[in-house]
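Please read the structure below before turning to the comments.
The values are calculated or read from the model by the stated rules, or taken from the named source; none is laboratory data. Please read all numbers here as calculations on a predicted model, not as lab measurements. When we count neighbours, we look across all protein chains shown, and the Cβ atoms used for this are built from the backbone with ideal geometry, even at glycine.
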Amino acid sequence: MSCCESCKPKTKILAVIFDLDGTILDTERLTKGLLKEYLAKYGKEVDMEREEKKRMGMTQKESAAAIVKDYAVPLTPDQYIKEITPMYREKWLQAKPLPGANRLMKHLHKHGVPFALASNSLREYIDAKISLQKGWKEYFSVILGSDQVKSGKPSPDLFEEAAKRMGVTAAHSLVIEDSLVGVQAANAAKMKVVAVPSYSETDCYALADSVLHSLLEFQPEQWGLPPFDDWVDNALPIEPIHVTIVSANGSVCEVIENGVSALSDQIFGVYFGWAKVDLHKRFKVVVSIGWDQCSCISKRKFLESTS
């Protein structure tokens with residue numbers, strides 16, 4: 001599928017720089033409630049939305065110091081890090097690639113396009129997070145953590161160093177991010193940036209060159225990269241998405257287990273597949289998955305058709 005004249009890139013992209021958490025690996029959804037759970041042991045209540053915004057762009061030590069101070073936790077920042085890190089490590093090993101991530105990385109690798117991983121996480125934690133993802137360490141030309149540069153995002157240091165190590169200029173680099181601080185860092189580095197934000201990160205929209213629901217929507221040819229060739233009759237085969245739903249009061253809702261949704265924010269759109277009603281019955285289904293804008297809280301809305 002070729003793009004129209006207006007879609008042709010002004011600058012050919014020669015290298016891609018990926019963020020990790022929430023962009024290609026679904027770690028953030030799994031770890032979202034850990035801080036609240038941890039502080040509850042000390043009798044503290046936490047506003048997670050406020051905390052996430054407040055700590056954006058902080059290093060691990062800066063974040064730990066702020067939490068210990070703000071909540072009067074009877075620990076030093078280093079003690080806090082030592083206590084909470086094992087909880088995160090356990091969840092990291094359960095994280096799955098986000099929709100389209102493996103597809104895009106395999107495509108770039110196949111066509112010899114270098115790509116880097118640049119995350120605000122410490123390098124040690126990056127290695128732990130991707131340790132179970134087949135081929136990832138081999139795919140990346142460069143892997144950088146915030147402890148390997150002067151400043152993390154929203155500073156441009158991570159992206160500038162990644163481009164430097166790949167031997168490309170900022171003008172020929174494309175950043176793929178999910179957070180506001182990441183998009184700001186790409187802007188500061190004077191690089192093109194595609195945002196794949198979660199439902200809560202809509203501040204990215206105005207600052208990014210392109211905004212996608214998921215990496216399944218990414219069109220390489222818009223950036224001067226080789227196009228995908230895996231479409232079949234206008235449908236895209238993807239890895240299975242497993243979710244448990246229940247029908248109640250005429251609507252279909254996702255079953256939330258242990259306070260965590262099985263679906264990442266990036267699972268959005270129309271999907272064809274199979275539904276299992278019991279151990280023996282399976283039905284073809286078409287499912288449209290989106291956000292329920294009519295409710296006061298963010299929740300998934302399923303429209304289902306079976307045959």
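Would you check which residues across region 213-236 are under 21 Å from Leu14 (Cβ atoms) and in a loop (DSSP other than H, G, I, E, B) and list them?
The first filter runs over region 213-236 and keeps only residues under 21 Å from Leu14 (Cβ atoms), leaving 215, 218-229.
Correct list: Phe218, Gln219, Gly224, Leu225, Pro226, Pro227, Phe228, Asp229.
Does Thr31 satisfy the condition of being within 30 Å of Gln222 (Cβ to Cβ) and either in contact (Cβ under 8 Å) with a residue 40 or more places away in the chain or small (Gly, Ala, Ser) (or both)? I'd like the intermediate steps shown before the answer.
Working: within 30 Å of Gln222 (Cβ to Cβ): no; either in contact (Cβ under 8 Å) with a residue 40 or more places away in the chain or small (Gly, Ala, Ser) (or both): yes.
Here the answer is no, as Thr31 does not meet what is asked.
Which of the residues belonging to region 199-222 are under 21 Å from Pro97 (Cβ atoms) and among the hydrophobic types (A, V, I, L, M, F, W, C)?
Here is the first cut: in region 199-222, the residues under 21 Å from Pro97 (Cβ atoms) are 199-201, 204, 210-220.
Scanning region 199-222 gives Cys204, Val211, Leu212, Leu215, Leu216, Phe218.
Which one of these is aliphatic (A, V, I, L, M) and in a helix (DSSP H, G or I): Leu104, Leu75? Spell out the reasoning first.
On the way: Leu75 fails: in a helix (DSSP H, G or I).
Within the list Leu104, Leu75, the selection yields Leu104.
Would you check if Leu20 is closer than 26 Å to Ala186 by Cα, assigned by TED's automatic domain parsing to the domain that holds Val193, touching a Ser or Thr at 6+ places or on another chain (Cβ under 7 Å) and at pLDDT 90 or above?
Values: closer than 26 Å to Ala186 by Cα: yes; assigned by TED's automatic domain parsing to the domain that holds Val193: yes; touching a Ser or Thr at 6+ places or on another chain (Cβ under 7 Å): yes; at pLDDT 90 or above: yes.
So Leu20 fits the description; yes.
Take Leu30 and tell me if it is part of a helix (DSSP H, G or I) and either of a type in the set (A, V, I, L, M, F, W, C) or at pLDDT 95 or above (or both).
Numbers: part of a helix (DSSP H, G or I): yes; either of a type in the set (A, V, I, L, M, F, W, C) or at pLDDT 95 or above (or both): yes.
Yes: the conditions hold for Leu30.
List pairs: first residue in region 210-227 and under 18 Å from Met191 (Cβ atoms), second residue surrounded by fewer than 16 Cβ atoms within 10 Å (Cβ to Cβ) and of a type in the set (Ser, Thr, Tyr) anywhere in the structure, Cβ distance under 8 angstrom, at least six positions apart or on different chains.
Val211/Tyr205; Gly224/Thr11
Tell me, which residue of region 44-62 that is under 22 Å from Gly145 (Cβ atoms) and of a type in the set (A, V, I, L, M, F, W, C) is modelled with the lowest pLDDT?
Per the stated criteria, the residue is Met56.
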